[in-house]
Every structure is written in structure tokens, then in C-alpha cells.
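A short reminder: the numbers here are calculations on the coordinates, not readings from a lab. Please read all numbers here as calculations on a predicted model, not as lab measurements. Glycine also receives a Cβ, built like all others from the backbone with ideal geometry; neighbour counts cover every protein chain displayed.
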Amino acid sequence: MATSLAESKRVEDAAALRQKDVLDAFGGFPMESEHCALLAADTLRAACQECLENQRGSGQEPRRETGTCETCGRADRPASGRGENESEEEFEERRKLQSRLGRIRHKVMVLSGKGGVGKSTVAVNLATALMLSGKRVGLLDVDMHGPSIPTLLGLERETLQGCEGGLLPVDLGAMKVMSLGFLLRNQDDAVIWRGPMKANVIKQFLKDVVWGDLDYLVIDSPPGTGDEPLSICQLIGTLDGAVIVTTPQRVAAVDVRKSITFCRQLQVPVLGVVENMSGFTCPKCGEVTRILCSGGGRRIAEDMEVPFLGSIPMDPKIAEACDSGRAFVQHYAMTTTAELMRQIIQPLFALSERSDAAAADSTELPKQKAE
């Protein structure tokens, strides 16, 4: 329907189509599926904006249109003023979202193309390693159907507390943790939600949780390229990068290509690929046994021209740490595997180094002009 409405229109006019226009064209649409119209309008707008950018690159002067998101509040609009056709409630919601996100220096998403590759384990240990290095860290679990972060960190009995400014995340040392698991009355409850409900909850996690000032927000996304990672990209606006986790065998590594393509289409930098479960090191003799075919993550990274961050072997102590609710990189810090995990986070440190260098350059410019 969005395509039909855009047909025969100028690019500028097609870019101005909104969710309401798509819904009105149908003449009636189930409420639980209205988010599909939003996604259609956003996709059409993104395609039109890309076309306008291409025109600009060729020397033409495209007309700018102000897009509005009817339900979720896009983070790519200035918070200083209301957008056209934006209600006061939508404006206040968007302003609050940007106010929260503005206090977080770097936002990094951990993705995987397939489930069961140890993505949440990697996310927990990356966040913990950053915390141990002295950084202020937030860990956000947006896996609505299988929130495992509370289990991996031994926080299953924790509940959320409210304050005047919103919801307080669970504090674990210098790390703040948020997960839907904290809101479930029973850990056995199944979350049976469609896309719009999940998108609304993710928006609340970003907008209503009092994250405070953070150096890093690590976002643990569910497998695949569906509602949750798409909602994160749309709400945050600009992610600093994505870490993609795979296992060595081909059936998992092939799906890494889809995750990398997802990031490229949404203009999210790929910080690199992590190959998890890369061989089993015998704790008695030290011999490495290749239980799974090795090297799939490295080959995909080379083929797709993205960095390869390293390999994490199968280690019985990792499973032990996960089951006991302890971060492996902290409680087994002297092991070789923990050192490999610490090496993997180096690209995340580089984000801060670049920001600090840019800030230093900006403060030097006025001095040079004064001289």
C-alpha cells in the first residue's frame, strides 16, 4: 500500500507519507497490526532519503522534508522543537528519550544470526570487562522471549524499583542492568507478544529507565534481524557499532552474513566478528580438540571485509560461571580464555579514544585562533 501511495509522486512528496496515510488508505486495519504501517512508512521514507542523498551527491539540490514517526518517536530529529504533525505528547516522549540517550557516550549492540551461539555470554563478559577497566557500563537485555541476562549474572531474584524520574536499573557494582526478566512474576512465564508490544517495551527501557551517565551501553539483542534489533536502531538513531557472535561451523557462520548485511543497510558500523566455541581445550592435558569445524567466523569476516575480533574456546569454567550466575571474565580472570575475552573488547576502547581525541581537538581550535 505504501508503494502504491508513492507511485507517480515526486520523491519529496513520497518521503512525506506517514503511517496515518497508509492506514487511511486501507480504510480499517487491526490495531495489533498498525505497527506494520509504521514500518512501511519508515522504509519508504528511508528509500526516498537515500534517493535525495544521491541527488545531492550528483550536484542537484533536493528539497528537505521533515519526517515524523507516528508511534515511537524517531531519534534522528532535533529535540529542540516539535516536528510537523507531531503532537505535544509525542514531542515530550521523544525529548525525554533523547535526554536519556544523550548521557550515554557509546552504544554497542551484540548480535547473532542464529540462536545458541553464546551471544548473551559474550555480551555479559564484554560489559563486565569494560566495567573492570573502570568504565561506567549499562547492560540492556532486549531479548523479550528468552531474557537470560538475569540468570547469567545471578540476578534472578532482583526486582525493579521506581523513582520520581522513572525505573531504576539493577546495580551490579559499576554496571547497571535492565532486562524484562526483572518484570516477570514467574521465571516460567512465557512472553507472547507481537512486534508493536516489543517495540513499546524497548522504547520504555531506553526512555524510562534512569541510566544516568554511562561510558558504554551494551545491548544484548535476540538472534536474527527482526523486531528487536530494528527497534533499537530506529530508537537510538546512531549506534557506535555492533559485535556479531557466531560459532565456527558453516550453518551458524552463514547467518553472520545476514547480520552484517542488516548492519550495513541500517548504517551501523560492524566492530567485528567473534567466533565462540572455537575448539575444546582439555583442562588436564591442554590438548585442543576441534569439536566443531573451525575457522568459519574468520572466513566470513574476511569475505565480508569486517574485522575478526578473536576466538573463544569451549571452556568448562565458562559453563560453570554461567550456571552459577557469575561473569567468567571476572571470576576466572587469570585464565587464558579470560585474557582472550579482554582482547576482544579493544575495539570498544578505541571508541572512547577516538571521542577523547576529537574532544581534545575541538578545545584546541579556539586557542589556535586566539594565538
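Counted residue by residue at 0.36 nm each, then reduced by the alpha carbon distance between them, the extension gain from Leu183 to Cys163 reaches 5.6 nm.
When Arg18, Arg354, Arg94 are arranged by Cβ crowding within 10 Å, least crowded first, meaning fewest neighbours, the order is Arg354, Arg18, Arg94.
For every other residue with a beta carbon closer than 10 angstrom to the beta carbon of Gly113, add +1 if it is Lys or Arg and -1 if Asp or Glu, then tell me the sum. My count for the surroundings of Gly113 gives +3.
Ranking of Ser4, Ser87 by neighbouring Cβ atoms within 10 Å, starting from the fewest: Ser4, Ser87.
Placing a pseudo-label 7 Å from each Cα along the Cα-to-Cβ vector at Arg10 and Arg290 gives an inter-label distance of 6.1 nm.
Per-residue packing, averaged as other Cβ atoms within 10 Å, sorts the ranges 316-323, 194-201 into the order 194-201, 316-323, beginning with the highest.
Neighbour counts of C-beta atoms inside 10 Å place Thr337, Thr128 in the sequence Thr337, Thr128, starting with the fewest. Peptide packing: for 247-256, 117-126, the average count of neighbouring Cβ atoms within 10 Å per residue gives the ranking 117-126, 247-256, highest mean first. One chain, two ends: Cys51 and His331. Fully extended at 0.36 nm per residue, the span grows by 95.7 nm beyond their Cα-Cα distance.
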